[in-house]
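Novice: Here it is: the structure, laid out below.
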Amino acid sequence: MGVENVSVVFKLYCLTVMTLVAATYTVALRYTRTISAGDLYFSTTAVCITEVIKLILSLGMLSNETGSPSRLKKALVEHVLCSPKELLKLSVPSLVYAVQNNMAFLALSNLDAAVYQVTYQLKIPCTALCTVLMLNRSLSRLQWFSVFMLCGGVTLVQWKPAEATKVQIEQNPFVGFVAIAIAVLCSGFAGVYFEKVLKSSDTSLWVRNIQMYLSGIVVTLIGVFVNDGDNVLEKGFFFGYTPWVCFVVFLASVGGLYTSVVVKYTDNIMKGFSAAAAILLSTVASVLLFGLQITISFASGSFLVCISIYLYGLPKQDTSKVI
């Protein structure tokens, strides 16, 4: 689907919201895991609640799309109750996304928000590789060059990670990096898998989301039981929840859904600019909130990552001109 012809003002609005959501979610999650006062909440329950809210929002969007309660009921019966194979098919990305979301919490418990934001851009080469293998698409030479440049930039960032002086908890950067590595692998595979499922039929995006989130709720509930079952039974499902934690859950819930809606109004260059701006905002916030100390390797690596994101988003027909 091509980018729809809308006003520049609306595109800028989309760009601004995507940037703020990405940056704010990362910084707020980092804050709740390292700075926020009070007892630490269970990240598995936050991931589960996020899936529930996404399901409710998707039901609302499907209701608006169908236009009447009877049509909504018919769509749910046809595509959910009477389609066990489709539910099973969508359980694959549900499981992968559940792992990805839990890894984000683990990563941001051990790495600064700015370092996380830069390193997480490894999802671009991972998604590119999955696109080539699973959708039989090709990348331009400039895109391959930008992929290697991005990997080089992330290497510089991780070579001597910037340290945050205001974080009092014990952190393990290696664990954080491994968590991000798992998260980007999950992001690349699940995103391309879901795109392939969407393009395999004319089923509504919101129906597909409902199928995926139903499976996601089951998967994340199992995760709560396996990882924090005893503690949840003892202290409660919402133990340690503060307004900041609720804000993180809210951003995680609406952020993905909102992005999936507005992406069709923006092109790859704008999305690349949004990612670069989110890195800049996360860095500034990390300096102010967490006392992040910028190093030369971090600054150089972040610059390379931002440039590579821009180059990756350039249209293929412009490749020869750029080279």
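Novice: Would you calculate a helix-derived [θ] at 222 nm for the chain, using -39,500 (n - 2.57) for each DSSP H run of n ≥ 4 and dividing by the full residue count, to the nearest 500?
Specialist: One gets -26000 deg cm²/dmol as the mean residue ellipticity at 222 nm.
Novice: Which length gain, in nm to one decimal place, applies between Leu205 and Leu280 when the Cα-Cα distance is subtracted from 0.36 nm times their residue separation?
Specialist: Additional length available on full extension: 23.8 nm.
Novice: Next question. Under DSSP H, which helices of the chain have Cα atoms covering 20 Å or more of the helix axis and a Kyte-Doolittle average no less than -1.0?
Specialist: 8-34, 43-66, 84-108, 141-159, 173-199, 205-235, 243-262, 268-290, 296-313
Novice: If I compute solvent accessible area with a 1.4 Å probe over the protein chains, what percent of it on the stretch 8-313 is carbon and sulfur?
Specialist: For the stretch 8-313, the apolar C and S fraction of the accessible surface comes to 69 percent.
Novice: Shifting gears a bit: What does the charge count around Ala190 come to, taking other residues whose C-beta lies under 12 Å from its C-beta (Lys +1, Arg +1, Asp -1, Glu -1)?
Specialist: +1
Novice: For the chain, what does the accessible surface come to per residue with a 1.4 Å probe? Please give it in Å².
Specialist: Here the residues of the chain average 50 Å² of exposed surface.
Novice: So how do Tyr120, Tyr193, Tyr13 rank on accessible area, 1.4 Å probe, biggest first, that is with the largest at the start?
Specialist: Tyr13, Tyr193, Tyr120
Novice: At q = 0.13, 0.17, 0.19 Å⁻¹, what log₁₀ I(q)/I(0) does a Debye calculation on the Cα points of the stretch 13-141 give, no solvent, two decimals?
Specialist: Taken in order of the listed q values, log10 I(q)/I(0) reads -0.84, -1.17, -1.23.
Novice: Filter Lys11/Lys160; Lys89/Lys123; Lys54/Lys166; Lys54/Lys271; Lys74/Lys199; Lys11/Lys89 down to the pairs with a C-alpha to C-alpha distance above 25 Å, please.
Specialist: The answer is Lys11/Lys160; Lys54/Lys166; Lys11/Lys89.
Novice: When the dipole is taken about the Cα centre of the chain, and only Lys, Arg (+1) and Asp, Glu (-1) are charged at their Cβ, what size is it in debye, to the nearest 20?
Specialist: Charge dipole of the chain: 800 debye, to the nearest 20.
Novice: Another question about this same structure. Note down the net charge around Thr127, summing +1 for each Lys or Arg and -1 for each Asp or Glu among other residues with Cβ under 13 Å from its Cβ.
Specialist: +3
Novice: Using 7 Å Cα-to-Cβ label points, what is the Asp230/Val175 separation (nm, one decimal)?
Specialist: In this crude label model, Asp230 to Val175 measures out at 1.8 nm.
Novice: Label the stretch 74-216 by shape, choosing from rounded, prolate and oblate, from the square roots a ≥ b ≥ c of the eigenvalues of the Cα gyration tensor; if a/c is under 1.5 it is rounded, and otherwise prolate applies when a/b is larger than b/c, oblate when it is not.
Specialist: Oblate.
Novice: Another question, then. So for Lys85, Lys73, what's the accessible-area order with a 1.4 Å probe, most first?
Specialist: From most accessible down to least: Lys85, Lys73.
Novice: Convex hull over the Cα atoms of the stretch 8-313, averaged projected area in nm²?
Specialist: Mean projected area of the Cα convex hull: 16.6 nm².
Novice: So how far apart, in nm, are the two label points at Phe237 and Tyr310 if each is 7 Å from Cα heading toward Cβ?
Specialist: That separation, rounded to one decimal, is 4.7 nm.
The values are calculated or read from the model by the stated rules, or taken from the named source; none is laboratory data. These numbers were taken from a predicted model, which means no experiment stands behind them. Every residue, glycine as well, gets a Cβ built from its backbone with ideal geometry; the counts of neighbours run over all protein chains shown. Note: areas computed on protein heavy atoms with side chains; ligands, DNA, RNA excluded. Shrake-Rupley method; radii C 1.70, N 1.55, O 1.52, S 1.80 Å.
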